[in-house]
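A.B. asks: Handing you a structure now.
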Amino acid sequence: MINFLKTLVIAFLAGFIILSQAYAQKSTTEWKVSSPDQGLQINLELNNGSLSYKVQNKNNEVVRQSKLGVETTTDKFTGGLSFVNELTRKINEIYTLPVGKYHVYHATANQASITFANSDKNKITIDLRAYNDGVAFRYRFPDSAKNYTLVKELTEFAIPEATAWMQPYDKDPSYENVFKNGIPAGTAAKDSSGWAFPVLFHTKDQWLFISESNTTADNAAMHLQQNAANGVYKMAFPLAAEGLGQGSAYPVAKTPFATAWRLIIAGESAGTVVQSNLVNHLAQPNAIGNISWVEPGRSSWSWWSDHASSRNITTMKRFVDLAAKMKWEYSLIDANWNIPTAGGSIEDLVKYAKQKNVKLTLWYNSGGPHNNVGEQPRDVMFNPDTRRQELKKIHNWGVRAIKVDFFQSDKQNIMKLYTDILKDAAKEEIMVIFHGSTMPRGWARTYPNLLSMESVRGAENYGWSNDFAMDAAELNTIYVFTRNVAGSMDYTPVTFSDYKCCPHTTTNTHELALSVMFESGMMHFADSDSSYLSQDNVVKAFLSSVPNTWDDTRYIQGEPGKEAIIARRKGKNWYIAGINGESTAKTWTISLPFLYNKDVFRGTLFTDGNTPRTIAHREIVQEKDSKVTVGIMPKGGFVLELKPQ
C-alpha cells in the first residue's frame, strides 16, 4: 500500500511538472514602458518564445501588435526565447547643439532593458524607451567577444488604417526620390528597392513618424521592404548593388554592440512631429569634445547658376564678394576647384576670401570604389591617410568646412566612412556637410561638426527637372513634416531665377519663406549674385540678417502636401513663415500665442506681390493677442520678422 501511494504521488508530481512546463511555454509575458506624462506606452510581449510589441497613445492604437527578432549567421533570436532579467532607468538629459530646431535640448524618458536567452543560452536585450512625444526600441547583444553577422530582421511596424507620405528607396540611395503624397498605408513601393526612411502616417487620431537614430559603424542604415500587406511594414537591409556592389549588405560587429534605434514619433497633432527632437535624443552624446570652433552660418554658392564656375577663380571671387555684401559667413567652392582654368589658383582664392572676411567651404567627391563619378577632387576623402593629410593642409589654409558628395550606399562600410570623415575633420576643427548622402540618423549630436546633409530632392533639380519645378511647392510642404524633422536639410533654398528648361511655379515670396521654413546648419543660398543683388533693399536686408540657427521652433498649422506655417525664434526675435503647396489662393489668419505677454513687436511682413515674381512688404506692429491675416497666392508664401520693442 505504501509503495502504491509513493507511486501515485510521484506520478501526480510528474504530471504537475509537465503541466506546469506546458503552461509556462504557452503563457504570455508582457512588459510596459510609459512616457513620463503617462500618455504614450510601448508594450513588449513574449509569447511562446517569440517577441512582439505594440504602441498606444492615451489608449489610442498607434502601432498594432508587430513582430520583433533578428537572426545572425550563427544564432537566431526569433523564437525559443526565455526571459533572463529586466533593468529600468529614467532618462533626464540636458544638452546643447550648435544646429537644429533648438539650442538647448531636454530629453526625459523612461527605459526598460529586457534580456532574453535563446536555446543556446546566447543573449539578446531589447531596449525600450518612452518619451512624451515618441517611443523607440533597439536590439542589443550583451555577450562578450562574439562575431555576429546580422542577416535577417523580423521587425515590423503594423500601422492602423492611415494616410501615408513616403519616399521610394533606390539602389544608389541619395534620398532624392519624390515623396508620395497622401497614399493609403500599405501601398507597395514601385519596385523591390522598397521605401526609404523617414515615413509619415496619419491615422484617424494620430500622426506617426518612423525612422532611425544612432546608426554607428557597427550598423548598416536600414529601410523598409517593398510590400506592406494590411499596413505591416518590414525592415530591409541595404541592397547588394549599392555602392557599385562594394561592401556587404549585412553588417558585421563584435559583441557587445547594439543596432540603431527604431523610433516612432506619435501625437494627436502634426505639431508633435514637427517640433520633436527624438532623433537627436536617441543619439550618442558629443564624441569630439570641445566644439567652440563650430560656427554654423549662411553661404553663397555659385554652382546652381553657373556649373562651370568653380574652375574660374575670377567668378568665384564674385561669389565671395556676394557673401561679403550680404553679410553671409561662407562661400562654397564646388566640384573641380582643384583644376582651375582661369583667374589664378585656389590658394589665391583662399587669400582673397580672408581679405573679405569670408570663410570657404570646399567640395569633395567621397569616392573611392563605391562610386564612378568623375568630379574632382576624388579619392581624397576615401583613403584614411590621404584624408588626414588633406584636412590638415586645408586647415592650415584657413578653410573651415568641407562638403562631401556621392556616397551612393547605406551599407556598413559607408556608415564607417561617414563617421570616420566626421572624426578626422573634427581633429582639424573642420565642419562637414554631406551631399548625395543618406538621411540624418542622429550624427549631429554625436559629431556636432556635422552642419547639414542633403538627402532631399532640393533646388538643384530646377536645373534639369520640369517635374520638380511643377511639384516643388507641394514637396516643400511635405519636407516640413518628414525629411527636415530628422535633421538639418541642405535643400539650397531661395532661388528666384528661372532655368530655361524648368521655370518656377512657386512665387518669389514662397522662395523667400524657405529661408525660415527649412532648417540647415549651413544655409546655402543658391541663386546668382546678380539675382540677389538686384532685389529690393528690404528683401536684401532680410536675407542679410535672417538666422539659420534657432533657439525655439513652433508649429502653427498645416498639413503635408497642402500648406505649412511654422515660427522660429532667435534670441528675442521671431520669424514666422508660411508656404502654400496647392494651386489655389488662400487667406490665413494666424495667431501668435507664444509672443511675450507684455512686449509689443515690430517688424516686416513679406507677402506675395501683384505677380508671382514680386515680393510685397510692409511694416507691422504685433501683440500677443492680436492676429495676422495674410492673402496667399497659389503656391505662394509669406514671412513675418518680429522684434520686441
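The values are calculated or read from the model by the stated rules, or taken from the named source; none is laboratory data. Predicted, not measured: the structure shown is a model, and the values here were computed from it. Glycine also receives a Cβ, built like all others from the backbone with ideal geometry; neighbour counts cover every protein chain displayed.
A.B. asks: Give the number of residues within region 340-379 that are outside any strand (DSSP E or B) and farther than 26 Å from R298 by Cα.
C.D. replies: Looking only at that region, the number is 10.
A.B. asks: If you check N122 against the conditions, is it under 24 Å from the mean Cα position of the chain (by Cα) and more than 21 Å from E212 (Cβ to Cβ)?
C.D. replies: Answer is no for this residue.
A.B. asks: Exactly one of these conditions fails for T495: (1) crowded, with 24+ Cβ neighbours inside 10 Å; (2) under 21 Å from the mean Cα position of the chain (by Cα); (3) not basic (K, R). Give me its number.
C.D. replies: Unmet for T495, out of (1) crowded, with 24+ Cβ neighbours inside 10 Å; (2) under 21 Å from the mean Cα position of the chain (by Cα); (3) not basic (K, R): (2).
A.B. asks: Here's a follow-up. Within region 492-520, which residues are of a type in the set (D, E) and touching a residue at least 40 places away in the same chain (Cβ under 8 Å)?
C.D. replies: Once the filter is applied, which keeps residues that are of a type in the set (D, E) and touching a residue at least 40 places away in the same chain (Cβ under 8 Å), region 492-520 yields E511, E519.
A.B. asks: Are any residues in region 219-232 buried (at least 20 other Cβ atoms within 10 Å of the Cβ) and either in contact with a Ser or Thr (Cβ under 9 Å, 6 or more places away or on another chain) or assigned to a loop (DSSP other than H, G, I, E, B) (or both), and if so, which ones?
C.D. replies: Of everything in region 219-232, those that are buried (at least 20 other Cβ atoms within 10 Å of the Cβ) and either in contact with a Ser or Thr (Cβ under 9 Å, 6 or more places away or on another chain) or assigned to a loop (DSSP other than H, G, I, E, B) (or both) turn out to be N219, A220, A221, M222, H223, A228.
A.B. asks: Going by what's in this entry, would L332 be described as in contact (Cβ under 8 Å) with a residue 60 or more places away in the chain, of a type outside the set (S, T, Y), in the same structural domain as D306 (by TED's automatic domain parsing) and within 24 Å of L543 (Cα to Cα)?
C.D. replies: Here the answer is yes, as L332 does meet what is asked.
A.B. asks: Test S465 against the stated conditions and say whether it is hydroxyl-bearing (S, T, Y) and buried (at least 24 other Cβ atoms within 10 Å of the Cβ).
C.D. replies: Criteria not met by S465.
A.B. asks: Exactly one condition in (1) surrounded by 15 or more Cβ atoms within 10 Å (Cβ to Cβ); (2) over 16 Å from K121 (Cα atoms); (3) in contact with a Lys or Arg (Cβ under 9 Å, 6 or more places away or on another chain) is not met by L68; state its number.
C.D. replies: Unmet condition: (3).
A.B. asks: Something else about it: Could we say that K190 is over 28 Å from Q275 (Cα atoms), assigned to a loop (DSSP other than H, G, I, E, B), touching a Leu at 6+ places or on another chain (Cβ under 6 Å) and of a type outside the set (S, T, N, Q) here?
C.D. replies: Spelling it out, it is not the case that K190 is over 28 Å from Q275 (Cα atoms), assigned to a loop (DSSP other than H, G, I, E, B), touching a Leu at 6+ places or on another chain (Cβ under 6 Å) and of a type outside the set (S, T, N, Q).
A.B. asks: Can you tell me which residue is farthest from the chain's Cα centre (by Cα) among those in region 556-603 that are assigned to a strand (DSSP E or B), more than 19 Å from T629 (Cβ to Cβ) and not basic (K, R)?
C.D. replies: That would be N573.
A.B. asks: Considering (1) modelled with pLDDT of 95 or more; (2) touching a strand residue (DSSP E or B) at 6+ places or on another chain (Cβ under 7 Å); (3) over 30 Å from A253 (Cα atoms), say which one Q38 fails and leave the rest.
C.D. replies: The failed condition is (2).
A.B. asks: Here is a follow-up. Could you please find all residues in region 605-628 being of a type outside the set (A, V, I, L, M, F, W, C), in contact with a Phe, Trp or Tyr (Cβ under 7 Å, 6 or more places away or on another chain) and under 29 Å from L475 (Cβ atoms)?
C.D. replies: T607, H617
A.B. asks: So, one more: Identify the residue in region 604-618 that is of a type in the set (V, I, T) and assigned to a strand (DSSP E or B) and, among all such residues, is surrounded by the fewest Cβ atoms within 10 Å (Cβ to Cβ).
C.D. replies: Across region 604-618, the extreme among qualifying residues is T604.
A.B. asks: Further question on the same structure: Check whether at least one residue in region 308-318 is outside any helix (DSSP H, G or I) and either surrounded by fewer than 18 Cβ atoms within 10 Å (Cβ to Cβ) or not β-branched (V, I, T) (or both), and report yes or no.
C.D. replies: Yes, some residue in region 308-318 is outside any helix (DSSP H, G or I) and either surrounded by fewer than 18 Cβ atoms within 10 Å (Cβ to Cβ) or not β-branched (V, I, T) (or both).
A.B. asks: Let me ask something additional. Can you tell me which residue within region 120-166, out of those that are of a type in the set (D, E, K, R) and under 30 Å from E474 (Cα atoms), is surrounded by the fewest Cβ atoms within 10 Å (Cβ to Cβ)?
C.D. replies: Result: E161.
A.B. asks: Does region 279-290 include one or more residues that are under 16 Å from the mean Cα position of the chain (by Cα), touching a residue at least 40 places away in the same chain (Cβ under 8 Å) and within 17 Å of T163 (Cβ to Cβ)?
C.D. replies: Among the residues of region 279-290, not one is under 16 Å from the mean Cα position of the chain (by Cα), touching a residue at least 40 places away in the same chain (Cβ under 8 Å) and within 17 Å of T163 (Cβ to Cβ), which makes the answer no.
A.B. asks: Only residues that are of a type outside the set (A, V, I, L, M), in contact with a strand residue (DSSP E or B) (Cβ under 8 Å, 6 or more places away or on another chain) and not in a helix (DSSP H, G or I): list them for region 271-299, please.
C.D. replies: Correct list: S276, N277, P285, N286, E295, P296, G297, R298, S299.
A.B. asks: Of the numbered conditions (1) among the small types (G, A, S); (2) over 30 Å from I94 (Cβ atoms); (3) surrounded by fewer than 17 Cβ atoms within 10 Å (Cβ to Cβ); (4) touching a helix residue (DSSP H, G or I) at 6+ places or on another chain (Cβ under 6 Å), S302 satisfies every one except a single condition; which is it?
C.D. replies: Here S302 meets the rest and fails (3).
A.B. asks: Among the residues of region 28-53 satisfying the criterion of being part of a loop (DSSP other than H, G, I, E, B) and over 24 Å from G267 (Cβ atoms), which is farthest from the chain's Cα centre (by Cα)?
C.D. replies: N48
A.B. asks: In a strand (DSSP E or B) and assigned by TED's automatic domain parsing to the domain that holds G186: does that describe Y148?
C.D. replies: Against the criterion (in a strand (DSSP E or B) and assigned by TED's automatic domain parsing to the domain that holds G186), Y148 qualifies.
A.B. asks: Here's another thing I want to ask about it. Quick one: which residue in M381, M415 is more than 19 Å from the chain's Cα centre (by Cα), buried (at least 20 other Cβ atoms within 10 Å of the Cβ) and assigned by TED's automatic domain parsing to the domain that holds L450?
C.D. replies: Selected residue: M381, the only one of M381, M415 that is more than 19 Å from the chain's Cα centre (by Cα), buried (at least 20 other Cβ atoms within 10 Å of the Cβ) and assigned by TED's automatic domain parsing to the domain that holds L450.
A.B. asks: Now a separate question. Out of the residues in region 332-370 meeting the condition of being over 11 Å from S310 (Cβ atoms) and hydroxyl-bearing (S, T, Y), tell me which one is nearest to the chain's Cα centre (by Cα).
C.D. replies: That would be S366.
A.B. asks: Could you count how many residues in region 431-446 are surrounded by fewer than 24 Cβ atoms within 10 Å (Cβ to Cβ) and either out of contact with any strand residue (DSSP E or B) (no Cβ under 6 Å at 6 or more places or on another chain) or not assigned by TED's automatic domain parsing to the domain that holds R378 (or both)?
C.D. replies: Counting residues in region 431-446 that are surrounded by fewer than 24 Cβ atoms within 10 Å (Cβ to Cβ) and either out of contact with any strand residue (DSSP E or B) (no Cβ under 6 Å at 6 or more places or on another chain) or not assigned by TED's automatic domain parsing to the domain that holds R378 (or both) gives 1.
A.B. asks: What's the number of the condition F83 fails, among (1) in contact (Cβ under 8 Å) with a residue 60 or more places away in the chain; (2) not in a loop (DSSP other than H, G, I, E, B)?
C.D. replies: The failed condition is (1).
A.B. asks: Going by the conditions given, is V621 surrounded by 20 or more Cβ atoms within 10 Å (Cβ to Cβ), hydrophobic (A, V, I, L, M, F, W, C) and part of a strand (DSSP E or B)?
C.D. replies: no
A.B. asks: Among the numbered conditions (1) surrounded by 15 or more Cβ atoms within 10 Å (Cβ to Cβ); (2) at positive phi, tell me where N357 comes up short.
C.D. replies: (1)
A.B. asks: Would you please name the residue that is nearest to A249 (Cα to Cα), looking only at residues in region 151-165 that are outside any strand (DSSP E or B) and not hydrophobic (A, V, I, L, M, F, W, C)?
C.D. replies: T155
A.B. asks: I've got another one for you. Name the single residue that is nearest to N132 (Cα to Cα) among those in region 23-35 being of a type outside the set (S, T, N, Q) and modelled with pLDDT of 95 or more.
C.D. replies: Filtering first and then ranking leaves V33.
A.B. asks: Answer with yes or no whether Y53 is of a type in the set (F, W, Y) and either touching a helix residue (DSSP H, G or I) at 6+ places or on another chain (Cβ under 7 Å) or surrounded by fewer than 14 Cβ atoms within 10 Å (Cβ to Cβ) (or both).
C.D. replies: So Y53 does not fit the description; no.
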